[in-house]
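Report on the structure given below.
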Amino acid sequence: MSAEGREPQELAQGPGGHPGASRSGRRPPRPPSAPWRLPPWRARAAAAVLCYINLLNYMNWFIVAGMLLDLQNFFQISDGCAGLLQTVFVGCLLLSAPVFGYLGDRHSRKATLSIGILLWSGAGLSSSFLSPQYSWLFFLSRGVVGTGSASYSTIAPTVLGDLFVREQRTRVLAIFYIFIPVGSGLGYVLGSAVLQLTGNWRWAFRVMPCLEAVALILLILLVPDPPRGAAEKQEDVAVGGARSGWCEDVRYLGGNWSFVWSTLGVTAIAFVTGALGFWAPKFLFEARVVHGLQPPCSQEPCGSQDSLIFGALTVVTGIIGVVLGAEASRRYKKVNPRAEPLVCACSLLIAAPCLYLALTLAPATFLASYVLLALGELLLSCNWALVADILLSVVVPRCRGTAEALQITVGHILGDAGSPYLTGLISSSLRAGRPDSYLQAFLSLQQSFLCCAFIIALGGGCFLLTALRLESDQARAQVPGTGTLPRTPSTCTRLGPSPPGPAALATPKPAGTPDSKDMESQALLSGAGTATEDP
């Protein structure tokens, strides 16, 4: 054996030549294993399954909005209480997201995803058997559905981030996030179509669990649980790296300004999509009544075609918007590395006046309102894949699950957790001081929507600030072991092994071995006494 082949073995022996003991008395780290591999067809199959589950996930988000008028009549609830349905859903989602993010960074992501699917499908099915006097149980079931959805929204993008890398990851994420607007639109369509076919809203909640059972089987059979950071081949992360505490992760993310500003931008998008997604079908229905195109609804079933139309618009504009945003970013990135946040900022700043005009022109011209609303939806959809790609590019792999969870939590707390309820509450308050007529009901809901245009403009400003810090944070995230490696004891519990002592770092460099700085870096990352390499 050559000198180079013997040296790592000699370094792994402690005093007296006993293998398995380092100079500091600790067991040496095991040699890095071969990089994790997955056949391309398996990665594509896993991505397809995750996209299908994402479709079902967002159908659950908006299936209630497609039947809102009937649910209000069945449970006898006002606009304010109806908005609370979505607030309960999102509130439980945001409370659960940090828990699932923590579990996803430290335990089996596949098992966590399976538990989430079982939660939301079981809660949805049980809600279809409730009677009118148990409206509080319907609110509770929506909260449990939100809890299950939190597991998927938090963890699934990180699995894709570990299966694909660079431009390939951008394309896969674009396809994955197409299913947010597509699923949202199909939620309206399914709720409204099943209601029209059966005359009973309950059957919409009984169809979904059948589709989710298929999703669970496909997840178990086809989706792997890749090592964290496997796509980037950062072996310090993918194989046995030191594990930082949750507080260390949060402190790192709080100092990552690209993450902070993009999260605030996502919050603005969530606020607007939450309010529009929940109330837009009813707003369009009341606009149709005001224009004399449809009679008012006094008893269920309310045969509104606006849920179907709005759902179809959401599907079409979502597909076009996600593809358009991803392609614009890909092309612009060839000349500007800050393309993702700049494309997000431009789309939001153009969407703001479109939404404002769509709302203000609705009493005068119904068709123009529909066209401008569709254009606003298209521009909002341009951001879905890009915000995920920004997060994955500026956050180190070891805490991407926590980053996704925090972004979801902040986005929902300040965004769509409160926007449907706030919109409904403002509408009910305005309506209380006005004559009881459909025109006044319509104007109250219209005026409660106007703040959405200003919120989305603020989101565009947040993405401009993201662009200022993007390159420096991306460079920092590409350095293995940066950001979350615990260096000193803190009040947070350290989940990984203790850092090496001085004796371990003082190992002399034998001739012919790699540079000492590289050896020390590997020793720190493995949490052992002396770094070793394969001969």
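When ranked by the protection proxy of mean other Cβ atoms within 10 Å per residue, highest first, what sequence do the peptides 378-389, 310-321 form? Mind showing how you got there, number by number?
On the way: 378-389: 25.7, 310-321: 22.4.
Answer by packing, highest mean first, reads 378-389, 310-321.
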* To do: Quick one: check the C-alpha center-to-center distance for region 77-149 versus region 318-365, whole angstrom.
  => 31
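How high is the relative contact order of region 297-380, given as a whole-number percent (alpha carbon pairs under 8 Å, six or more residues apart)? Show your work: numbers first, answer last.
Values: 54 pairs, mean separation 27.3, N = 84.
Relative contact order of region 297-380: 33 percent.
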* To do: Please give, to one decimal in nm, the separation of the simple spin-label points placed at Leu216 and Thr360, each 7 Å out from Cα toward the Cβ.
  => 5.1
* Using a simple spin-label model with points 7 Å from Cα along the Cα→Cβ vector, what separation in nm is obtained for Gln168 and Gln447? -> 5.6
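Show me the ranking of peptides 432-444, 268-280, 108-120 by mean Cβ neighbours inside 10 Å, starting with the highest.
Final packing ranking: 268-280, 108-120, 432-444.
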* Provide the solvent-accessible area of Phe179, counting protein heavy atoms only and rolling a 1.4 Å probe, rounded to the nearest 10 Å². => 50
* Structure fact -> Carbon and sulfur atoms account, in whole percent of the 1.4 Å probe accessible area of region 309-360, for 74
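The values are calculated or read from the model by the stated rules, or taken from the named source; none is laboratory data. On a predicted model such as this, the values are computed, not experimentally measured, just so you know. No Cβ is skipped: glycine too gets one built from the backbone with ideal geometry, and neighbour counts run over all protein chains shown. Only protein heavy atoms, including side chains, enter the accessible area calculation; ligands, DNA and RNA are left aside. Shrake-Rupley method; radii C 1.70, N 1.55, O 1.52, S 1.80 Å.
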